[in-house]
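These notes are about the structure you will find just below.
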Amino acid sequence: MGRSIGSVRQGVNEIARRWERAGRALRKEDQTYAARLAAMARAHTGEGFYAFDDPLEAAVFSVFIELLKEHDVDP
């Protein structure tokens with residue numbers, strides 16, 4: 001049986017939920033950053049995740065893309 005895009009998307013959403021829960025254990029000033037990371041992980045769930053088999057790899061890739069966009073790094 002082949003993998004489905006939905007399972008990668010579901011995996012990324014579960015990772016983002018865990019990151020949000022972990023963020024609540026952080027100091028108050030760091031909690032917003034954890035929430036932003038979770039949002040960044042979800043930012044590309046409707047696109048390009050078909051290229052990944054591993055939800056963690058897809059989540060980290062999405063976060064890296066968003067960080068680069070924030071810092072306006074030239075390709």
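The values are calculated or read from the model by the stated rules, or taken from the named source; none is laboratory data. What you see is a predicted model, and the numbers here were worked out from it, not measured in a lab. Using ideal geometry, Cβ is built from the backbone for each residue, glycine included, and neighbour counts are taken over all protein chains shown. When the accessible area is computed, the model is the full protein with side chains, heavy atoms only, and any ligands, DNA or RNA have been set aside. Shrake-Rupley method; radii C 1.70, N 1.55, O 1.52, S 1.80 Å.
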| Would it be correct to say that A58 is open to solvent by less than 50 Å² (accessible area, probe 1.4 Å), at pLDDT below 95 and not in a loop (DSSP other than H, G, I, E, B)? | yes
| message | Considering only region 21-35, I want to know if a residue exists there that is at pLDDT 95 or above, in contact with a helix residue (DSSP H, G or I) (Cβ under 6 Å, 6 or more places away or on another chain) and closer than 22 Å to S7 by Cβ. | response | no
